[in-house]
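Working notes, structure below.
The numbers here are math on the coordinates, done by the rules we state, and not lab data. Keep in mind that this is a model prediction, so the values were computed, not measured. Positions of Cβ are generated from backbone atoms using ideal geometry, with glycine treated the same way; all protein chains shown enter the neighbour counts.
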Ligand code: ARG
Ligand code: MN
Ligand code: MN
Ligand code: MN
């Protein structure tokens with residue numbers, strides 16, 4: 001495949017500075033080299049810059065950096081759409097507000113192709129707030145609401161072909177605010193929270209979702225938040241939540257995704273290298289991308305499970 005790296009040094013979706021160093025950390029940790037080793041072609045487009053906007057206020061006084069977030073959304077939607085037409089975009093974040101733009105870009109491409117787009121959200125959080133309902137005011141908590149076409153994003157460009165709830169699956173969920181919970185109940189989003197993963201393992205719900213994607217001949221965007229992982233193996237994130245996915249669960253997810261052959265674009269978000277331990281989190285994220293893109297422990301021509 002042709003992997004197109006898009007640096008998205010977005011730091012405006014939350015309040016702890018550092019995610020802007022994410023793209024550099026992935027490059028230092030050897031992302032391009034890992035992909036090349038697997039036989040992929042890699043094009044690094046460098047870092048995107050936000051479209052400039054005059055400061056904007058919002059009726060919810062908690063909301064901050066609205067103009068900057070809008071500018072990133074526009075710039076990344078454009079870069080993402082172009083990249084999706086040429087290859088496999090990998091967005092190097094940056095906090096999770098970058099997905100307002102990355103998924104918009106990929107959705108515009110899917111719409112032009114006339115193919116349905118599915119979304120796999122690997123995260124401790126559902127990120128289903130609107131600018132009205134967020135209490136923290138951190139817009140990294142809002143992208144799934146925008147992507148699924150909820151009202152409350154009137155200041156943003158209309159989302160191209162909003163993704164219906166039954167085309168969205170969330171894995172790893174263990175922190176949901178009350179307003180998100182209320183909004184999610186009527187939606188058909190598949191939420192494999194930690195209770196589900198403890199009962200069923202992580203493979204079963206993911207396989208079911210991938211079967212749906214295949215049945216619809218869909219494109220699949222994967223959004224990987226560092227806090228999907230347990231903080232003990234991935235400390236470099238501002239919003240740690242205990243009880244996250246293990247190293248082995250995370251690799252299994254990536255291997256199943258690879259075998260499905262369905263993934264067409266990827267976000268790597270919320271890495272804050274300032275909080276890392278000697279690059280451990282950045283390296284783990286690179287290894288997970290390698291699993292997603294085809295790295296195997298031992299590769300037999302025919303293998304049954
Ligand atoms: N729900 C919380 C909030 O709105 C946490 C969101 C965390 N999101 C993230 N992308 N890490 O503030
Ligand atoms: Mn700031
Ligand atoms: Mn998130
Ligand atoms: Mn999160």
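I want to verify the translational diffusion coefficient of the stretch 16-61 in µm²/s; compute it with Stokes-Einstein, Rh as the Kirkwood radius over Cα pairs, at 4 °C and 1.567 mPa s. Show your work: numbers first, answer last.
Values: Rh = 13.9 Å.
Taking Rh from Cα pairs, D becomes 93 µm²/s.
By what distance, in whole Å, do the Cα atoms of the stretch 193-279 stretch along each of the three principal axes, largest value first?
Sorted largest first, the three principal extents are 42, 29, 17 Å.
Please report, to two decimal places, log10 I(q)/I(0) for the stretch 66-141 at q = 0.11, 0.24, 0.28 Å⁻¹ as given by the Debye formula with identical point scatterers on the Cα atoms and no solvent.
-0.30, -1.18, -1.35
Subtract the Cα-Cα distance of residue 2 and residue 24 from 0.36 nm times their separation in residues, and report this length gain in nm to one decimal. If you can, show how the numbers build up before the last one.
Numbers: separation 22, 0.36 × 22 = 7.92 nm, distance 2.04 nm.
Roughly 5.9 nm would be gained on extension.
Based on the Cα atoms of the stretch 109-162, what semi-axes does the equivalent ellipsoid have, where each is the square root of 5 times one gyration tensor eigenvalue, given in whole Å with the largest first? The partial results should precede the final answer.
Details: eigenvalues 98, 42, 9 Å².
In descending order, the three semi-axes are 22, 15, 7 Å.
Run the quick spin-label model on residue 297 and residue 57: label points 7 Å from Cα toward the beta carbon, then report their separation in nm to one decimal.
Going from the residue 297 label point to the residue 57 one covers 5.8 nm.
For the stretch 210-227, list residues with backbone N below 20 Å from a point placed 7 Å from the Cα of residue 259 toward its Cβ?
Residues passing the 20 Å test: 210-218, 220-222.
Per 0.36 nm of contour for each residue apart, how much would the distance between residue 85 and residue 45 grow if the chain were fully extended, relative to their Cα-Cα spacing?
On the way: separation 40, 0.36 × 40 = 14.40 nm, distance 1.42 nm.
Working it through step by step, the gained length comes to 13.0 nm.
Give me 117, 288 sorted ascending by neighbouring Cβ count inside 10 Å, so fewest comes first. Walk me through the numbers before you get to the answer.
Numbers: 117 28, 288 25.
Ranking 117, 288 by Cβ neighbours within 10 Å, fewest first, gives 288, 117.
Translational diffusion coefficient of the chain at 37 °C, 0.692 mPa s, Stokes-Einstein with Kirkwood Rh over Cα pairs, in µm²/s as a whole number.
Values: Rh = 18.9 Å.
This corresponds to a translational diffusion coefficient of 173 µm²/s.
Find the centroid of the Cα atoms in the stretch 271-303 and in the stretch 139-160, then give the distance between the two in whole Å.
Comparing the Cα centres of the stretch 271-303 and the stretch 139-160, I get a distance of 30 Å.
Rank the residues 156, 247 as a footprinting-exposure proxy: fewest other Cβ atoms within 10 Å of their Cβ go first.
Numbers: 156 20, 247 15.
Ranking 156, 247 by Cβ neighbours within 10 Å, fewest first, gives 247, 156.
Just grab the label-to-label distance for residue 198 and residue 274, each label 7 Å out from Cα along the Cβ direction, in nm (one decimal).
Output for this residue pair reads 3.5 nm.
Between rounded, prolate and oblate, where does the stretch 130-253 land on the alpha carbon gyration tensor, with a ≥ b ≥ c its root eigenvalues, rounded for a/c under 1.5, else prolate if a/b exceeds b/c? If you can, show how the numbers build up before the last one.
Details: a/c = 1.83, a/b = 1.18, b/c = 1.54.
Oblate, because a/c is 1.5 or more while a/b does not exceed b/c.
Within 10 Å of each residue's Cβ, count the other Cβ atoms and sort 3, 19 from fewest upward.
Going from sparsest to densest Cβ surroundings: 3, 19.
What percentages make up the Cα-Cα pair-distance distribution of the stretch 1-147 when the bins are 5 Å wide from 0?
With 5 Å bins starting at 0, P(r) equals 2, 10, 18, 21, 21, 15, 8, 3, 1, 0, 0.
Counting only the backbone N, which residues of the stretch 97-118 are under 18 Å from the spot 7 Å out from the Cα of residue 136 toward its beta-carbon?
What the label zone holds, given the 18 Å backbone N cut-off, is 97-101.
So which residue, out of 149, 201, 101, gets the largest mean-square fluctuation from a GNM of the chain using Cα contacts under 10 Å as springs?
201
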